[in-house]
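The values are calculated or read from the model by the stated rules, or taken from the named source; none is laboratory data. For clarity, every value in this text was computed on a predicted model and none was experimentally measured. Don't worry about glycine lacking a Cβ; one is built from the backbone with ideal geometry, like all the others, and counts go over all protein chains shown. When the accessible area is computed, the model is the full protein with side chains, heavy atoms only, and any ligands, DNA or RNA have been set aside. Shrake-Rupley method; radii C 1.70, N 1.55, O 1.52, S 1.80 Å.
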Amino acid sequence: MTDRYPGYDVLAKRRTPSWNEPTRQVVNRRLAVPREPRYLTPPLFTVLDAVCQRILPQPTDRPPVPLAALVDDKLFTGLQDGFRYARMPDQGEAWRRGLAGLEEAAEAHYRLCFVKLSGEQQDDILRRMERGELSGGALGDMPATLFFEHRLILDIVTVYYAHPTAWSEMGYGGPASPRGYVRMGLDRRDPWEAAEAHDGDETKARLENGFVG
Amino acid sequence: MSADPFLSDPFAAPRAIGGRAPDVMKAGGWLPMKQHDNNEEVDFVVIGTGAGGGPLIARLAEQGFSVIGFDAGAYFRPLEDFASDEIEQQKLYWLDERIIDGANPIRMGGKNSGKAVGGSTVHFAMVSLRFRPEWFKSHSLLGYGADWPLDWREMWDYYARAEKALSISGPVRYPWGPKRPRYPYRAHELNGAAEILARGAEAMGYQWTATPLATVSAPHGDSPPCVYRGFCRFGCSTNAKQSQLVTFIPRGIAAGAEIRDLAMVGRIETGPDGRATGVHYHREGRWRFQKARNVIVAGYAIETPRLLLASANDRYPDGLANSSGLVGKNLMTQSNQAVFGVMDKEVRWNKGPPSLSITEHWNYEDRKDFHGGYCWMAQGPLPVEWATIVAGSRKRWGAPLREEMMRYNHQVGLKMVGEMLPDERNRVTLTDEVDQYGLRIPRITYSWGDNDKALIQHALGEMERSLDLVGAKDIFRQEDDTNHLAGTARMGSDARSSVVNADCRSWDIPNLWICDGSIFPTMGGVNPSLTITAISLRTADRIKALAKRGEL
């Protein structure tokens, strides 16, 4: 994947008028999330970690966003969605059953535990869950597709795109209080926004991104 | 947690206590606040401090009534409490568990439920629109839904008052509907996403306009002009947004109203004569009882029927104000589908309020083969929301999801707010599970009808055509989203077919009132908050008139 916003780091704005004190504290806490599980058991956490690497594969040339730790943190702190599908258990129970269900499916189809499967095999198991082909066993009466779409995908995608590393790679301006933005129209960029590398001008974008702050 | 030691955690303990309330315009600031004893029979308790409760709290206090406004949520000072962050700011939402079912379950939370002093207006997108006049008589004039017991000409006057009180920024000339006065503040400039909507509408031959918004385009009191940071739906950290928290609530406190934050009302008590006598509420770790001469419920379309149903007693075994059997029924939401595409140009749609331009074409055009109307507005979802849309609507995960997210700054979108029709099968009931207060959790059952589906498909086709006409590529549809709520305690002209009358007074219990989106007989095709605010202002005037005649 090419670097669309070369040299852009949203954290360079941390000490600028684009970040207020509550934002700094919130993001600091997120960056310091404990890497060890506090909610899931270590075996299930290992499965979660493998799942996260398939749902959002990350480049190897930068520190990865600790997705499994962030999902575990969500379960540990008990941040709720505000609703529960009548056919679903609460989020912690759903994750425990869902991960155990993936483990069972890996054993059933490949006679290996989930983390030992190749990436393609793991994707195959995940797609079976997405299509609703897994049922019973550890999943109990929980609908597999509903768990996949509204718990597994939602939680992993949410913690990734709430992380400054994701904001930097997609060129998102990030926190913006109290400074906000000034140049509002099409093809307009404030100097504190990410510069995009258009064909052949990676150097220019990299230079401009060095001044973002 | 804050760096400054004098600043407190809004969730640790109530802030509006000890004769003072937070001054929301100053970090660490306080305002003097009148307080009442539990045994003092106050004139009004108002349950909920959002678009329904807020104006009533202020206007009743200004008329000399003793008033207490209860809210289950925290009393935030935006300047010190609000981060620019999609996750942290979920603290503004009602995230307590609700069970959802039906063929099209409504996902609850930030799209439809606030839990804060100021209610959902603390996180709303500030879109402040008037109903089309015919919607107040949609059954008689348009052949669907139910008539409101209100006259649109009277509402037109209250809309103007609401727009003035909220310092709405809007266009010089609004393209649709009867004449209306100038908006108090000039319209905001368009961002790239809003410009794309305008070009698309013009290509279709439809009118469009800058959206009337409740965020100021020039200073107002202690509110600075909007800085276009784009986190409107996650709370305004600069106080440019004219939420209830910064408008009517401080007005109410200045006029002698009391606010009780972190105070969850669980039951309304009635006396031997059948009238309401006060409310049981949970605050600071225990249940308390506040005596009152009148009780106004303003908890929105889920918590309002939940409270009325949970207050059932020997005299009212089916819940309060429920002789019609309609409490909890006719729940409505609005279709909130969208069409998205990619532009060659950089759009950077996260800059500015998310809905800076609008077309109401299909709210005022009746040549179509379904009932109801809809508008669409420009969009600017932040990364987490955008990622969940891409993952959900396109079934993307793995490398394709990350690649698609890289196009964020070039994305553009149109999102509808569409009218869904009332249906008694769409409803709020109580489960046997209980929440952290020991109160029964609501069950929310919802299924789209054939008309709802026809309207949605029409809108998706129109929005797609519009994006196609401006050269957007890789266009896709978000088919399943909904937002605002209404219904569940409808107003009407007789006690058998409605819960409250035109004055928001319940037919069954004369000193029990309901004033929020619950009372809508129909949903309309625009965001409901301005209509709720206008009805709240009207109800305050009606209470004053009734009191003068000795009819309270």
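Remark: segment B:38-45, residue by residue, has Karplus-estimated 3J(HN,Hα) of 4, 7, 7, 7, 6, 5, 9, 10 Hz, where x stands for each Gly or Pro and the curve is 6.51 cos²θ - 1.76 cosθ + 1.60 at θ = phi - 60°. For segment B:475-500 versus segment B:187-220, the inter-centroid distance based on Cα atoms is 27 Å.
Under 5 Å from the amide H of residue B:337 lie the amide H atoms of B:416, B:481, each residue being 5 or more positions distant or on a separate chain, with H modelled from the backbone and absent for Pro and chain starts. Rounded to the nearest 10 degrees, the angle from helix B:529-548 to the longest Cα principal axis of chain B is 30 degrees.
Loop only by DSSP, 16 or fewer other Cβ within 10 Å of the Cβ. Give me the GluC sites (Glu not before Pro) in segment B:235-297 that pass, ordered by residue number.
On the way: sites: B:258, B:269, B:284; in loops: B:284.
Qualifying residues, ordered by number: B:284.
Pairs over the 28 Å Cα-Cα cut-off, from the set A:204/B:241; A:13/B:345; B:111/B:291; B:291/B:544; B:329/B:453; B:91/B:345: A:204/B:241; B:111/B:291; B:91/B:345.
Taking every protein chain into account, the accessible area of segment A:19-168 amounts to 41 square angstrom per residue (probe 1.4 Å). Accessible surface for residue B:140 stands near 80 Å², nearest 10, in the context of the full protein assembly shown (1.4 Å probe).
Put simply, chains A and B cover up around 5500 Å² of each other's accessible surface, both sides summed, when a 1.4 Å probe is used.
Peptides A:59-71, B:293-305: what's the order by average Cβ count within 10 Å, highest mean first? Walk me through the intermediate numbers first.
Values: A:59-71: 16.4, B:293-305: 27.7.
The densest-packed peptide leads the list: B:293-305, A:59-71.
Length gained on full extension, residue B:30 to residue B:434, computed as 0.36 nm times the residue gap minus the Cα-Cα distance: 141.9 nm. Taking θ as phi - 60° and the Karplus parameters 6.51, -1.76 and 1.60, the scalar couplings of segment A:21-32 work out to 5, x, 5, 4, 5, 4, 5, 4, 4, 5, 5, 9 Hz in sequence order, x denoting glycine and proline. Quick one: if the Förster radius is 30 Å, what FRET efficiency do residue A:107 and residue B:469 give, using the C-beta to C-beta distance and rounding to 0.05? FRET efficiency, residue A:107 to residue B:469: 0.05. Taking every residue in A:45-55 and counting other chain Cβ atoms within 10 Å of its Cβ, the average works out to 1.
Let me check I have the definition right: for the protein assembly as shown, take the eigenvalues of the Cα gyration tensor, multiply each by 5, take square roots. What are those semi-axes in whole Å, largest first? Present the calculation step by step, with values, prior to reporting the outcome.
On the way: eigenvalues 324, 179, 145 Å².
Square roots of five times the eigenvalues give 40, 30, 27 Å.
DSSP beta bridges confined to the protein assembly as shown are antiparallel in about 70 percent of cases. Here residue B:323 sits with roughly 90 square angstrom of accessible surface, probe radius 1.4 Å. Hey, if you put +1 on the Cβ of every Lys and Arg and -1 on every Asp and Glu Cβ in segment A:19-168, which of A:70, A:85, A:53 ends up farthest toward the positive end of that dipole? Sorting the options by dipole projection puts first A:70. Extension gain for residue A:145-residue A:207 works out to 17.7 nm (0.36 nm per residue, less the C-alpha to C-alpha distance).
Using a probe of 1.4 Å, the accessible surface attributed to residue B:172 totals some 110 Å² when neighbouring protein chains are kept in position.
Within 10 Å of each Cβ of A:19-31, how many other protein chain Cβ atoms are there on average?
Working: counts 2, 7, 8, 15, 7, 2, 5, 7, 4, 0, 2, 3, 0.
Partner Cβ neighbours, averaged per residue: 5.
Okay, helix-only estimate at 222 nm for the protein assembly as shown: each DSSP H run of n ≥ 4 adds -39500 (n - 2.57), divide by all residues, round to 500 deg cm²/dmol; what do you get? Mean residue ellipticity at 222 nm (helix-derived): -8500 deg cm²/dmol. Of A:101, A:174, A:78, which has the largest mean-square fluctuation in a 10 Å C-alpha GNM of chain A? Result for chain A, Cα springs under 10 Å: A:78 fluctuates most. Each residue of segment A:133-140 was assigned a 3J(HN,Hα) from its phi angle through the Karplus expression (A = 6.51, B = -1.76, C = 1.60, θ = phi - 60°), giving 7, 8, 7, x, x, 5, 5, x Hz with x at Gly and Pro. The distance from the alpha carbon centre of segment B:24-96 to that of segment A:115-145 is 47 Å, rounded to a whole number.
Can you tell me, using C-alpha contacts under 8 Å and at least 6 residues apart, the relative contact order of segment B:20-548 as a whole percent?
On the way: 1364 pairs, mean separation 120.1, N = 529.
That works out to 23 percent.
Summarise the accessible area of chain A (1.4 Å probe, protein heavy atoms) by the percent that is carbon and sulfur. Each step should come with its number before you reach the end.
Details: 4730 of 9200 Å².
Carbon and sulfur atoms account for 51 percent of the accessible area of chain A.
Comparing each chain alone with all protein chains together (probe 1.4 Å, DNA, RNA and ligands left out), the residues of segment A:74-117 losing at least 50 Å² of accessible area are A:79, A:80, A:82, A:83, A:84, A:85, A:86. Checking every one of the chymotrypsin sites (Phe, Trp or Tyr not before Pro) in segment B:410-506 against DSSP loop status and a limit of 15 other Cβ atoms within 10 Å picks out B:437. Peptide B:385-393 shows a mean partner chain C-beta count of 4 within 10 Å per residue C-beta.
Here each label is just a point 7 Å from Cα along the line to Cβ, and for residue A:120 and residue B:189 those points are 5.4 nm apart.
Of the GluC sites (Glu not before Pro) in segment B:461-544, not one is in a loop by DSSP (not H, G, I, E or B) with at most 10 other beta carbons within 10 Å. Ranking of A:116, B:415 by solvent-accessible surface, largest first: A:116, B:415 (1.4 Å probe, protein heavy atoms only, all chains present). Between the Cα long axis of helix B:300-310 and the first principal axis of chain B there is an angle of about 30°, rounded to the nearest 10. Computed over segment B:468-552, the range of Cα coordinates on each principal axis works out to 65, 25, 16 Å, biggest value leading.
Among beta bridges from DSSP that stay inside chain B, the antiparallel ones total about 70%. In chain B, which cysteines lack any other cysteine Cβ under 4.7 Å from their own? Taking the Cβ cut-off of 4.7 Å, the unpaired cysteines of chain B are B:226, B:232, B:236, B:375. Residues whose amide H comes within less than 5 Å of that of residue B:15, counting only those at least five positions distant or on another chain, are B:75, B:261 (H built at 1.01 Å from N in the peptide plane). Summary of packing: across the peptides B:384-392, B:480-488, the per-residue average of other C-beta atoms within 10 Å ranks them, highest first, as B:480-488, B:384-392. Using only Cα atoms and rounding to the nearest 10 degrees, what angle (0 to 90) does helix B:152-165 make with the longest principal axis of chain B? The angle comes out at about 90 degrees. Residues whose amide H lies under 5 Å from that of residue B:441, counting only those 5 or more places away or on a different chain, are B:431, B:433, B:434, B:435; hydrogens are built 1.01 Å from N in the peptide plane.
With all protein chains kept in place, the per residue accessible area of segment B:20-548 amounts to 30 square angstrom at a probe of 1.4 angstrom.
You can think of it this way: the chain between residue B:40 and residue B:144 has 32.8 nm of extra reach, that is 0.36 nm per residue less the Cα-Cα gap. The Cα center of segment A:77-109 and the Cα center of segment A:1-69 differ in position by 22 Å.
At a 1.4 Å probe, what is the % contribution of carbon and sulfur to the accessible area of chain B? Write out the running numbers ahead of the final one.
Numbers: 8570 of 17480 Å².
Heavy-atom surface of chain B belonging to carbon and sulfur, 1.4 Å probe: 49 percent.
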